[in-house]
Amino acid sequence: MKFEDLLLETGGFGRFQILILATLCLPRINVPMHFLLHNFLAATPSHHCAIPHQEAFVNLTMEEVLLISIPRKPDGTFSSCEMFSQPQFHLLLNSSLQPENKSIIQHCQHGWVYDHSQFTSTISTQWDLVCEQRGLNQATATFFFIGVTLGAMVFGYLSDRFGRKTVLQLSLLCSLLFGMLSAASVSYTMLAVTRTLTGVALSGPSLIVLPLGMEWVDVQHRTFTGILSSIFWSVGNMLLALAAYLVREWHWLLVAVTGPCLLSIVCLWWVPESARWLIAKGKVKQAHRHLLRCARMNGRKDFAEDMTLKMYAQRMVLQREYKNMGGSYSYISLFRTPVLRKISLCSGVVWFGVAFSYYGMSMNLTGFGLSIYLSQFVFGVIEIPAKMVMYVLVNRIGRRQSQAWTLILAGVCIGANIVIPKPFSSLRSVVAVMGKGFSEAAFTTVFLYTSELYPTILRQNGMGYTSFMARLGGSLAPLVFLLDEVWRSLPEVTYCGVAVCSGAVAFLLPETLNVRLPEGIEDIE
């Protein structure tokens, strides 16, 4: 007897499942607030070199002081990283003159002056992570995603070993602790370490929430569950814009986005452990207790007492799978059999491409002609229609086609903006919005698709491995922006190429539309 048959005996999809999904939305909303926090935490406001002895120029306006102290760039704006070694008073007579002696131009010697009209403080202004130190600023996001990458491996294994709920609560507790320590950072090194550890901890909820919800719903509602979970991610994006708009100081912004972890920890006490996992681990009595509770809440008071015998029968099936794998299971088990090996290799490439292109677009909030806060909010709003469309498409044309074409079209949109001339700003904005929609559609599909590809006994290991690949892509995405010093369009070319190639690989994966979740390796092979 399959687990879906047990769920049907308890009422299928009812009040019990709705309450579980509603509770799991809390950590789901909180995760993107940290994942995209770099947009505001490390934002770099306009700045210029600090001018020494500025009090000597009391008779000059601020514009005139800048004119004689800071060289202009070709576009006419003042340089952010250079200054004149001596005041160039002759520029007051003709500001269009360019200094012939380039030796009088030097790097900033006395620090920087920042525009605080938009941000009270960021880590860029706190530790002068600009100009030659610009790489350290981008590296902050990379450190965070390296942590998420490591955490994906750890929590994928732990949740298969010790249970979904226990490990989810542990990860949220660690997220709360390290998030608050990040807010209290007194040096860049301390911030880099604590943000990395926060990334490790937050990989838990990002990895476990969806499978825990999926394992409590029937086949007919799996797509709904996946899309609903993804919508809460977009809500988190929009709430991040609101939080950042209201809290302009980076220490308190970290506190604001970390605090909700405490509410998630408290609410999760009600959520039961996955009955699928309990049966797979041989804890049939606990599984029966949760299923009985599910049946009563769903109004099925006639839940058969002989369900325990049926669960023991399913346990025997799963035990045969463990024996076939030598009595143990790990990440190596994902590559032991031919079909599962192909799934693991291809899904790893797809997850890398999805995350690489998604974060590449999400961390570039310029180009809309809007404030950074409104851009973040718009990006969150754009994602919701994309998810609604995917709810229909994945059930009409299937998971595989949806996954492949959304990734390819996201890459095409990124590539199109490389060739569209800069003056066509409206067209470029429309294409960018479409690209963001396709990118989010790909991310929505990949979560649902992957959770259906792997069997129950390896599902969290599979999600851990693919999440590792995704976070690897997320770690590299911010650093690609630094390639604009080699060629201005090189970052976009890179994002485009990776998205299109990974989308093509998705065609090699099997279709899972209306297929029961596999319980063991035999179901896959």
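Find the relative contact order for region 1-108 and round it to a whole percent, using C-alpha pairs within less than 8 Å whose residues are 6+ positions apart.
20
Order His47, His221, His107, His34 by their accessible area, 1.4 angstrom probe, all chains in place, largest first.
Numbers: His47 30, His221 60, His107 100, His34 0 Å².
Ranked from most to least accessible, the order is His107, His221, His47, His34.
Given 0.36 nm per residue, what is the gain on full extension from Ala50 to Met190 after removing their alpha carbon distance, in nm?
That pair, Ala50 and Met190, stretches by 47.7 nm at full extension.
How many angstrom separate the Cα center of region 401-455 from the Cα center of region 460-509?
Here the two parts' Cα centres lie 13 Å apart.
What does the accessible area per residue of the chain come to in Å², with a 1.4 Å probe and no ligands, DNA or RNA counted?
Each residue of the chain exposes 41 Å² on average to a 1.4 Å probe.
Mind listing the phi-derived Karplus ³J(HN,Hα) values for region 210-220, rounded to whole Hz, using 6.51, -1.76 and 1.60 with θ = phi - 60°, and x for any glycine or proline?
After applying 6.51 cos²θ - 1.76 cosθ + 1.60, I find 5, x, 4, x, 4, 6, 10, 10, 7, 4, 5 Hz.
Shape verdict for region 390-490, please, from the Cα gyration tensor: rounded (a/c under 1.5), prolate (a/b greater than b/c) or oblate.
oblate
Pull out a ≥ b ≥ c, the square roots of the eigenvalues of the alpha-carbon gyration tensor of region 47-114, then state rounded if a/c is under 1.5, prolate if not and a/b is larger than b/c, and oblate in the remaining case.
Note, shape of region 47-114 comes out rounded.
May I ask you to rank His110, His251 by accessible area, largest first, using a 1.4 Å probe over the protein chains only?
Output order, biggest surface exposure first: His110, His251.
Under a straight-distance cross-link criterion of Cα-Cα below 12 Å, which aspartates and glutamates are reachable from Lys102, leaving out those fewer than 8 residues away in the same chain?
Candidates past the 8-residue exclusion: Glu82.
Could you give the dipole magnitude of region 47-114 about its Cα centre, charging the beta-carbon of Lys and Arg +1 and that of Asp and Glu -1, in debye to the nearest 20?
Details: 3 positive and 6 negative charges, 30 e Å.
Dipole of region 47-114, to the nearest 20 debye: 140 debye.
Please calculate the 1.4 Å probe accessible area of Arg516, with all protein chains present, and give it to the nearest 10 Å².
For Arg516, solvent-accessible area is about 110 Å².
May I ask you to derive the relative contact order of the chain, considering only C-alpha pairs under 8 Å and at least 6 residues apart, and to give it as an integer percent?
22
So which cysteines of the chain have no other cysteine's Cβ under 4.7 Å from theirs?
That list is Cys25, Cys174, Cys261, Cys267, Cys294, Cys346, Cys413, Cys496, Cys501.
How charged is the neighbourhood of Val349? Take every other residue with its Cβ under 15 Å from the Cβ of Val349, and add Lys/Arg as +1 and Asp/Glu as -1.
+4
Enumerate the calculated ³J(HN,Hα) couplings along region 192-198 in order (Karplus 6.51 cos²θ - 1.76 cosθ + 1.60, θ = phi - 60°), each rounded to whole Hz, writing x wherever the residue is Gly or Pro.
Values, residue by residue: 4, 5, 5, 5, 5, 5, 4 Hz.
With the Cα gyration tensor of region 333-524 giving a ≥ b ≥ c as the square roots of its eigenvalues, does the rule (a/c under 1.5 for rounded; else a/b larger than b/c for prolate; else oblate) give rounded, prolate or oblate?
It comes out prolate by the Cα gyration axes.
What is the extension gain from Asn94 to Ser121, computed as 0.36 nm multiplied by their sequence separation minus the C-alpha to C-alpha distance, in nm to one decimal? Don't jump to the answer; show the numbers that get you there.
Working: separation 27, 0.36 × 27 = 9.72 nm, distance 3.60 nm.
6.1 nm is the gain from fully extending Asn94 to Ser121.
Fully extended, how many nm does the chain gain between Ser330 and Val392 (0.36 nm per residue separation, minus their Cα-Cα distance)? Display every interim value, and only then the final one.
Numbers: separation 62, 0.36 × 62 = 22.32 nm, distance 3.49 nm.
Stretched fully, the Ser330-Val392 segment lengthens by 18.8 nm.
How large a share of the accessible area of the chain, in percent, is made up of carbon and sulfur atoms when the probe is 1.4 Å and the other protein chains stay in place?
C and S atoms contribute 65 percent here.
Along Cα→Cβ, 7 Å out, is where each label goes; now give me the distance between the ones at His110 and Gln86 in nm to one decimal.
Placing both labels 7 Å along Cα→Cβ, they lie 1.7 nm apart.
Pairs Lys165/Lys301; Lys387/Lys436; Lys342/Lys387: which are spaced more than 18 Å apart, C-alpha to C-alpha?
Going by Cα-Cα distance, Lys165/Lys301; Lys342/Lys387 fall outside the 18 Å limit.
Using only the heavy atoms of the protein chains and a 1.4 Å probe, how would Phe352, Phe335 rank by accessible area, largest first?
My answer, sorted largest first, is Phe335, Phe352.
So what does Lys102 come to for accessible area, using a 1.4 Å probe and Å² rounded to 10?
Using a 1.4 Å probe on the heavy atoms, I get roughly 130 Å².
Calculate for the chain the 222 nm mean residue ellipticity that helices alone would give, adding -39,500 (n - 2.57) per DSSP H run of length 4 or more and normalising by residue count, nearest 500 deg cm²/dmol.
Value at 222 nm, helices only: -21500 deg cm²/dmol.
At a probe radius of 1.4 Å, what is the per-residue accessible area of Ile18, in Å² to the nearest 10?
Number for this one is 90 Å².
Out of the GluC sites (Glu not before Pro) in region 45-124, which ones are loop residues according to DSSP with at most 16 other C-beta atoms within 10 Å?
In loop regions of region 45-124 (DSSP not H, G, I, E or B), the sparsely surrounded GluC sites (Glu not before Pro) are Glu100.
Can you find, among Ser80, Tyr114, Ser69, the residue sitting farthest towards the positive end of the charge dipole of region 47-114, where Lys and Arg contribute +1 and Asp and Glu -1 at Cβ?
Ser80
Using Cα-Cα distances under 8 Å and only pairs 6 or more residues apart, what relative contact order does region 356-481 have, in percent? Numbers along the way, then the final one.
Details: 100 pairs, mean separation 47.4, N = 126.
Contact order relative to length: 38 percent.
Please work out which option in (i) 34.1; (ii) 25.8; (iii) 36.3 gives mean projected area of the Cα convex hull in nm² calculated from these coordinates, and answer with its label.
Of the labelled values, this structure produces (ii).
The values are calculated or read from the model by the stated rules, or taken from the named source; none is laboratory data. As the structure is a prediction and not an experimental result, all values here were calculated from the model. Don't worry about glycine lacking a Cβ; one is built from the backbone with ideal geometry, like all the others, and counts go over all protein chains shown. To get the accessible areas, we keep the full protein, side chains included, count just its heavy atoms, and leave off ligands, DNA and RNA. Shrake-Rupley method; radii C 1.70, N 1.55, O 1.52, S 1.80 Å.
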